[in-house]
Amino acid sequence: MIEEITITEDEERRYTELQLRALDCARSGDHDALELMLNAGMPANLQDAKGNTLVMLASYHGNSKVVELLVAHGAEVDRRNLRGQTPLAGVCFKGYEEVVDVLLENGADPNADQGAGQTPLSFAALFGHKDIVERLKEAGGSVRLRDRGMMAVGSIVNRMRN
């Protein structure tokens, strides 16, 4: 017979607070506190109300060591938020090269469609992050893709050279 477990309102509130703290740790780069939570069983793919994972939040705020920690605990590097965006696309917008490297080394897709045909490479090109564009190309990112406005990523990359 399986025993039914009852969770009190206080326990539910405390768990919610712990989840919010984990999300804050990912944003702020508090590696040590987050490591304690993960070792105690906090899910590495925890998401906020907008579907942003711990990896997404750590990436978007440039916290490469936290991204490495999360990946070591089984976090998915390409899990999308509710807007269909991947962590790699977010970091290509922001321009954090070290985080791009960590994500790519752990299997992030440089051609993942972010909606309207946009990709991490197109975001990096649009925002002028030349070194990231090169890293993405080396990782298999295609400059032949087109967004739904029919602008080829290659034409954006070529404009960066001029």
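The values are calculated or read from the model by the stated rules, or taken from the named source; none is laboratory data. A quick note: this is a predicted structure, and the numbers were derived from the prediction, not measured. So basically every Cβ, Gly included, is an ideal-geometry build from the backbone, and we count neighbours across all protein chains shown.
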Using the structure shown, decide if Gly90 is of a type outside the set (Lys, Arg) and at positive phi. no
Extreme residue, farthest from Cys92 (Cα to Cα), among residues of the range 47-59 that are surrounded by fewer than 20 Cβ atoms within 10 Å (Cβ to Cβ) and either in contact with a helix residue (DSSP H, G or I) (Cβ under 6 Å, 6 or more places away or on another chain) or among the hydrophobic types (A, V, I, L, M, F, W, C) (or both): Ala49
In the range 8-20, is there at least one residue being more than 22 Å from Asn111 (Cβ to Cβ) and in contact (Cβ under 8 Å) with a residue 12 or more places away in the chain? yes
Return the total of residues in the range 83-102 being under 18 Å from Gln47 (Cα atoms) and not in a loop (DSSP other than H, G, I, E, B). 5
Pick from the range 110-125 the residues that are part of a loop (DSSP other than H, G, I, E, B) and touching an Asp or Glu at 6+ places or on another chain (Cβ under 7 Å): which of them is surrounded by the fewest Cβ atoms within 10 Å (Cβ to Cβ)? Ala116
Those residues of the range 78-100 which are closer than 20 Å to Leu20 by Cα and of a type outside the set (Lys, Arg), in sequence order: Asn81, Leu82, Pro87
What is the number of the single condition among (1) at pLDDT 95 or above; (2) basic (Lys, Arg); (3) exposed (fewer than 12 other Cβ atoms within 10 Å of the Cβ) that Lys65 does not meet? (3)
The lone exception for Thr16 - which of (1) part of a loop (DSSP other than H, G, I, E, B); (2) exposed (fewer than 13 other Cβ atoms within 10 Å of the Cβ); (3) polar (S, T, N, Q) it fails: (1)
Out of the range 24-60, which residues are in a helix (DSSP H, G or I) and either within 13 Å of the chain's Cα centre (by Cα) or of a type in the set (Lys, Arg) (or both)? Ala26, Arg27, Leu54, Val55, Met56, Leu57, Ala58, Ser59, Tyr60
